[in-house]
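The values are calculated or read from the model by the stated rules, or taken from the named source; none is laboratory data. This structure is a prediction, so every number in the text was calculated from the model and none was measured. Because the Cβ atoms are built from the backbone with ideal geometry, glycine has one as well, and the counts that use them run over all protein chains shown. Note: accessible area is taken over every heavy atom of the protein model, side chains too, but ligands, DNA and RNA are not part of it. Shrake-Rupley method; radii C 1.70, N 1.55, O 1.52, S 1.80 Å.
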Amino acid sequence: MKIKSNSLVGIIMGSKSDWSTMIHCSETLKKFGVNHEVRVISAHRTPKRLHKFLNESEKKNIEIIIAGAGGAAHLAGVAASITTLPVFGVPIESKLKGLDSLLSTVQMPSGIPVGTLAIGKAGSINAALLAVAILAKKHKKIHKKLEIYRKNFEKKVPKKPF
Ligand code: RP5
């Protein structure tokens, strides 16, 4: 049975402490008018919540899951194993500068993929932009906004370094 919702993306993160990174993902989606849900869900602290959220996401119109986690960052991988929705992983900066988070997220054995972005803020923003690019194929309004964004983005790059 379908659940009523106008969210296209689900952002999950292992801890409230990840929000200072994942807020950039949410802010970027907002710029493109992409409705999304944001939840603190941990693969090891709240596994039932993870199953429930992904189960409900599939019954809503959610098309993409973005998971941010740090340290032994298995959230994106576990999420990808539960749902058939595409999952992007954002490695959160950690005590090991995010290298642990990056390797935990990116090194998925073949069979269950996680599209892994860069560590920290850049990855958080890019996860949103990648989601936007995928959504743009189907959603015309998002496509238009992406084209405008790209045009303006190029203009922001200075021609000279001084
Ligand atoms: C991970 O542990 C979370 O994703 C977070 O990045 C990290 C630390 O969590 P807290 O101790 O700050 O709650 O599960």
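Among N152, N55, N126, determine the one that fluctuates most according to a GNM of the chain built with springs between C-alpha atoms less than 10 Å apart.
N152
List the trypsin sites (Lys or Arg not before Pro) within region 121-162 that DSSP assigns to loop and that have no more than 11 neighbouring Cβ atoms inside 10 Å.
Hits after loop and neighbour filter: K137, K138, K159.
Averaging sequence separations of C-alpha pairs under 8 Å and six or more residues apart, then dividing by the length of the chain, give the relative contact order as a whole percent.
It comes to 22 percent, rounded to a whole number.
Carbon and sulfur together cover what percent of the accessible area of region 1-125 at a 1.4 Å probe radius?
On region 1-125, the fraction of accessible area on carbon and sulfur atoms equals 57 percent.
Loop-only check: which trypsin sites (Lys or Arg not before Pro) in region 21-66 are DSSP coil with at most 13 other Cβ within 10 angstrom?
R45
Considering the chain as a Gaussian network with a 10 Å cut-off on Cα pairs, which listed residue, A43, A128, A73, attains the greatest mean-square fluctuation?
Ranking A43, A128, A73 by mean-square fluctuation puts A43 first.
Per-residue ellipticity at 222 nm for the chain, helices alone: DSSP H runs ≥ 4 residues times -39500 (n - 2.57), over residue total, nearest 500 deg cm²/dmol?
-14500 deg cm²/dmol, from helical runs alone.
Taking the alpha-carbon centroid of each part, what is the distance from region 105-162 to region 1-76 in angstrom?
Computed from Cα coordinates, the inter-centre distance equals 17 Å.
Most mobile of G111, G70, G89 per a Gaussian network model of the chain (Cα springs, under 10 Å)?
G111
Just to check I understand the Karplus step: with θ = phi - 60° and J = 6.51 cos²θ - 1.76 cosθ + 1.60, what whole-Hz values come out for region 102-110, glycine and proline as x?
Going residue by residue, I get 4, 5, 5, 8, 7, 8, 6, x, 4 Hz, with x marking Gly and Pro.
Decide, for the chain, between rounded, prolate and oblate: order the square roots of the alpha carbon gyration tensor eigenvalues as a ≥ b ≥ c, take rounded if a/c falls under 1.5, and otherwise choose prolate if a/b is larger than b/c, else oblate.
Taking the square roots of the gyration eigenvalues as a ≥ b ≥ c, the chain is oblate.
If you stretched the chain out fully between N55 and K151, how much longer would it get, using 0.36 nm times the residue separation minus the C-alpha to C-alpha distance?
Here the answer is 30.8 nm.
Counting only heavy atoms of protein chains, what accessible area per residue, in Å², does the chain have with a probe of 1.4 Å?
Counting only protein heavy atoms, the per-residue value for the chain is 60 Å².
List every residue whose amide H lies under 5 Å from the amide H of I11, counting only residues 5 or more places away in sequence or on a different chain, with H placed 1.01 Å from N in the peptide plane.
Placed amide hydrogens put E37, V38, R39, I66 under 5 Å from I11.
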